[in-house]
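Heads up: the structure comes next, in structure tokens.
Read-outs: derived from the displayed coordinates by stated rules, not from any lab. Please read all numbers here as calculations on a predicted model, not as lab measurements. No Cβ is skipped: glycine too gets one built from the backbone with ideal geometry, and neighbour counts run over all protein chains shown.
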Amino acid sequence: MLESLSLWWRSLLHRDDDMRNADDDTLDDSANALLSMLPLASIVVDDADEVIRAHPSAYTLGVVRDDAIVEESVLKAVREVRKEGGKKQFDLTTTTAQMAQSAPKAGKPTTREAARQALIGRRKDEPVSTVSRPNWLKVIVGRLNERFVVVLISDVSETIRFSQVRDSFITNVSEQLLKPTQSLERLADTLERDGADRNNIQENAAQLRRSCAHLEHMVSDLLLLIKAQEPILPTADNRINVMAQLKAVAFEHTDKAALRGIAINVNGDESLEINGEAEQIQTALAKLVENAIAYSPDGASVNMTAKPSEDGERVTIRVLDHGVGIDAKEQGRVFERFYRGGNQNGHSEDGIGLGLAIVKHVALTHHGSASVWSSPGQGSTFTLTLPLARKAGNERI
């Protein structure tokens, strides 16, 4: 697809004279129309390296900030193409924190002033999530004329993320398959020996059962992780009540928590609704509640709350415990796949290390974010921040 963009450039080059005669820093209407039709995010840069037009994705992908290209490799390519002509193609990886910055509404190309005002509009006290998502991009840079250079960006992140999860699935399932296989071999050896000790048989059988349960848990979590890769599109049919999800998860875990004298408390605004898949939201909340129970002392409490953000745009869901907490140096890694912290106990030692990765991806696919506050000995608070449901035309429900 990138190769065919040369045809678009030739169409734009036919308008060189019009753009040379322009007395401002904008493209003419026909050039803007052509760029708007492109299936990729576009950026137009003038001869002073100033961005005069950028698709909203250029901001959210971390390539443009304010009126400038902030990715050095892209800026270098722009300058080389402006000087030498031709075009440059390369791969680029950026990292942007979810909700760290605002951008114009998707699908509507904007002038630099509109984009700048959208960025300025973000409140200074708006929280920035600890969860970030890498963006894998394919970039092509070409000169429109002596004055303007265009940058076209294709976001291939979803394809790469799916491949990574698939590879993790294959690698880790293959490794975990060895454990029940080894247990089976030990059990077979014991049974083959004359006068096999019944205690040894029972011990090997128990180990085999544990290995199979561990493998089943991991496969189940990996399938959940794969399912939580595709973004949720808001529709009139997928509005769900937030408190209903919290109550369902609390009810499901009440008996397990009661065995250790742990109470699960649920509080929040009953009117809050989001667009999403109830199964995925409940899965994410269940992972947080299970962790809260596992890392809490007997007789403690786990609190689940939901309330709107100050600007009324989002819902903040928190799961709070009074457990062992997480060391500061590990907090930045807890959302990684298969990461296991150093605070394990008898209730958590059989974990897979995928629970918080699932939480992160459920948040991201619902266009939200996940974060953690924790202090050793004082407990942890995990937060999901999700957009509230909208009607057609972005009118708030």
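Worth pointing out:
- Using the Cβ-Cβ distance between Asp47 and Ser271 with R0 set to 56 Å, the FRET efficiency from 1/(1 + (r/R0)^6) comes to roughly 0.55.
- Theoretical gain in end-to-end length, Glu252 to Ser73 [0.36 nm per residue, Cα-Cα removed]: 59.4 nm
- In this simple spin-label model, placing a label point 7 Å from the Cα along the Cα-to-Cβ direction at both Asp189 and Lys138 gives a separation of 5.2 nm.
- Potential extension, Leu223-Thr181 segment - 0.36 nm per residue separation minus Cα distance: 12.9 nm
- Spin-label model, Asp311 to Asp91: label points 7 Å out along the Cα-to-beta-carbon direction sit 3.5 nm apart.
- Relative contact order of region 186-331, defined on C-alpha pairs under 8 angstrom at six or more residues apart (%): 19
- Under the simplified labelling scheme, the Ser163-Glu230 pair shows an inter-label distance of 2.0 nm, with each label point 7 Å from Cα along Cα→Cβ.
- Long-range tail of P(r) for region 37-87 (Cα pairs > 16 Å, %): 38
- Note on region 224-315: antiparallel DSSP beta bridges, both residues inside, total approximately 40 percent of the bridges counted.
- Of Lys227/Lys256; Lys307/Lys329; Lys287/Lys360; Lys179/Lys287; Lys227/Lys287; Lys256/Lys307, those spanning more than 20 Å from alpha-carbon to alpha-carbon: Lys227/Lys256; Lys307/Lys329; Lys179/Lys287; Lys256/Lys307
- Among 239-252, 277-290, 300-313, the peptide with the highest mean count of other Cβ atoms within 10 Å heads the list, and the full ranking is 277-290, 239-252, 300-313.
- Neighbourhood charge, 14 Å Cβ-Cβ cut-off, centred on Ile232 and excluding it, Lys, Arg +1 and Asp, Glu -1: -3
- Estimated FRET transfer efficiency (Ala244, Trp373; beta-carbon r; R0 35 Å; 0.05): 0.85
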